[in-house]
Structure formats: structure tokens, C-alpha cells
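The values are calculated or read from the model by the stated rules, or taken from the named source; none is laboratory data. Predicted model only: the values in this text are computed from it and were never measured. Backbone-built Cβ (ideal geometry, glycine too); neighbour counts: all protein chains shown. The protein model used for the area step is the full one, side chains on, heavy atoms only, and it has no ligands, DNA or RNA in it. Shrake-Rupley method; radii C 1.70, N 1.55, O 1.52, S 1.80 Å.
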Amino acid sequence: MNKSFLKFIADFGPLLIFFTIYYKSGNNLIVAIPPLIFATIVAVAVVYWVEKKIPYIPLVGGVVISLFGGLTLYFNNPVFLYMKPTIINIIFAITLIIGKIFFKKNLLKLFFKSAFQLNEEGWDKLNLRWAFFFIFLAILNEIVWRTQPETTWVNFKVWGIIPITFIFTALQLPMINKHKI
């Protein structure tokens, strides 16, 4: 099987499983969470099997999904799952900002230096833009889950955040091209 396709399935499969089970169970979050946790753990294992290493982002995502999904199940309170995207996005933003300011390390460059080569100004701009984008996603998630019904939030997770992220990424291409080495 194609590695890229397998990684795509590992990245988006758990979300698709969650979404499908959520709607087939009559919009029952408690029923959809265990398969999400299980699928996420399986996805991380598959990526490890294919790559012979565990990438940090899927690992962190798997731990956070298991933690917040587990808290949602244990306390029978969906607020933990609602807040997961907010917390993850804030962690990513703070990590990028603190890495650059206090440790003088551009962590985005560390993660993506094999994907493309940029000059330092380009990496700094990209790092800052992604940090602010993560903050934007955190705020947006808070607005949606606090003001909309649960089904709207679930739809927003799939049909909102993913396209917004793709659009944001595409909008970075001119800056990336300008600062290519």
C-alpha cells in the first residue's frame, strides 16, 4: 500500500470514524468517543509500523485525544472534548512562540526543514503566522462550542477547521516561495 495514502488514512481515519459513529448513534458523543480513542491509537501504531518512528504531532494528538476523551467519558461531560482543540491549539502556539523567544529555536523549522528550505526571515514569518493561526483556531473553537449546539460543533470540527487550515496553508505559499533558498 502507498505510504502517503496510509499516512492520510492514519491522519483522517479516526476523525471520519468519530464523525460516522456520532451520526449513526443519533448524535451520541459518549458512544462515538471510545472508537475515536481506539482509532487514534491504531493510527499512531500504523504510522510507527510504516515509518519505524512515531512522529511527535500524531503522538501528542493521540495522548490528548485519549486524555480528553477519557475525561469526557469518566465525568460524562462533553466540555472536556469541546475544549481539546482549544487546548491543543494554544499549546502549539505557545510552543512556537516560546521556542523562538526564549530558546532562540524556530520549532517549525525543526519539524519541516526536510519539506522545504527557507531563509531565516521566511522561517521566522512562517513560525509567527502559524502561532497566530493556532490562537485564531483556539478562539474560533471556543466561540463555536460555547454558542452553538453540539452537532454544529461536530460539523465545525470536520467541515470547518480542516478547510480553514488548508486555506491558511495555501495562503502561505507566496511567502514560502518568496523566501525559498
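Just give me the residues in segment 100-118 being of a type in the set (Gly, Ala, Ser) and either under 15 Å from residue 179 (Cα atoms) or in contact with a strand residue (DSSP E or B) (Cβ under 6 Å, 6 or more places away or on another chain) (or both), in sequence order.
115
Any chance you could count how many residues in segment 22-38 are closer than 20 Å to residue 83 by Cα and either of a type in the set (A, V, I, L, M) or not in a helix (DSSP H, G or I) (or both)?
Residues that pass the stated criteria total 9.
Has segment 113-133 got any residue that is of a type in the set (A, V, I, L, M, F, W, C), modelled with pLDDT under 95 and surrounded by fewer than 13 Cβ atoms within 10 Å (Cβ to Cβ)?
Within segment 113-133, one or more residues are of a type in the set (A, V, I, L, M, F, W, C), modelled with pLDDT under 95 and surrounded by fewer than 13 Cβ atoms within 10 Å (Cβ to Cβ).
Pairs please, first residue from segment 64-93 and more than 17 Å from residue 35 (Cα to Cα), second anywhere and buried (at least 21 other Cβ atoms within 10 Å of the Cβ) and among the hydroxyl-bearing types (Ser, Thr, Tyr), Cβ atoms under 6 Å, 6+ apart in sequence or on different chains.
none
Does any residue of segment 45-56 turn out to be on the phi > 0 side of the Ramachandran plot and not small (Gly, Ala, Ser)?
Yes, some residue in segment 45-56 is on the phi > 0 side of the Ramachandran plot and not small (Gly, Ala, Ser).
Pairs under 6 Å by beta carbon, first residue farther than 22 Å from residue 149 by Cβ and open to solvent by 20 Å² or more (accessible area, probe 1.4 Å) in segment 25-46, partner part of a helix (DSSP H, G or I) and of a type in the set (S, T, N, Q), six or more apart or different chains?
37/66
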